[in-house]
1. Kindly check whether there is at least one residue in the range 38-59 that is part of a strand (DSSP E or B), at pLDDT 95 or above, in contact with a strand residue (DSSP E or B) (Cβ under 7 Å, 6 or more places away or on another chain) and surrounded by 16 or more Cβ atoms within 10 Å (Cβ to Cβ).
2. Return a yes/no flag: does the range 16-36 have any residue that is assigned to a strand (DSSP E or B), over 18 Å from SER135 (Cβ atoms) and modelled with pLDDT of 95 or more.
3. When residues of the range 86-137 are filtered for being of a type in the set (D, E, K, R), over 25 Å from LEU24 (Cβ atoms) and either under 12 Å from the mean Cα position of the chain (by Cα) or not in a loop (DSSP other than H, G, I, E, B) (or both), how many remain?
4. At negative phi, charged (D, E, K, R) and over 14 Å from the mean Cα position of the chain (by Cα), is that true of ASP45?
5. Look through the range 60-71, keep the residues that are modelled with pLDDT under 95 and assigned to a loop (DSSP other than H, G, I, E, B), and return whichever of them is surrounded by the most Cβ atoms within 10 Å (Cβ to Cβ).
Amino acid sequence: MKKTILGFISILFLISCAVGTQPLHALYHSYTLYNESLNENNINDDAKLYFTQSLLGDDYATNPDASSQLLFKNYMHSVVNHFEEINNNNGCLTINGYGKDKAPVIFSLKYKKNMGNWLIDKIHVVFIENIKDFSKKAKCPEAFENKNANK
């Protein structure tokens, strides 16, 4: 009986390893690495580790506004929750939180997988007036842009 249970557990473990191709919260993990690693001193050298070339463009290192835009993380002081959705090599991460002034803010990030790494491809930062407007699911930046276009 013990051998049967142990065998069953071993099979379940092997199946779960084979089926689980995406780590749980892979996008949030990538965001956390970006948040902990990039700063004003290394943004020009290390941006390619966290952002797609299409987002960076060719002149980000010489563009005086680029570093502040790439360091959008500085707008959020504390995270309340996050939601993510992955489809093949694309994903969306939405992070609800508060700025240093305690005002609610939402980050909506589109990710693309590149050589096994999740890179930020689009960024949308939303400053909201009330926490009831926090996102309740993962939304790509286009969802916010389309909503604003319909107003």
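1. Checked the range 38-59: at least one residue is part of a strand (DSSP E or B), at pLDDT 95 or above, in contact with a strand residue (DSSP E or B) (Cβ under 7 Å, 6 or more places away or on another chain) and surrounded by 16 or more Cβ atoms within 10 Å (Cβ to Cβ).
2. No, every residue in the range 16-36 fails to be assigned to a strand (DSSP E or B), over 18 Å from SER135 (Cβ atoms) and modelled with pLDDT of 95 or more.
3. So the answer is 2.
4. yes
5. So the residue we want is TYR60.
The values are calculated or read from the model by the stated rules, or taken from the named source; none is laboratory data. Not measured: the values here are computed from a predicted model. Note: ideal-geometry Cβ built from the backbone for every residue, glycine included; neighbour counts use all protein chains shown.
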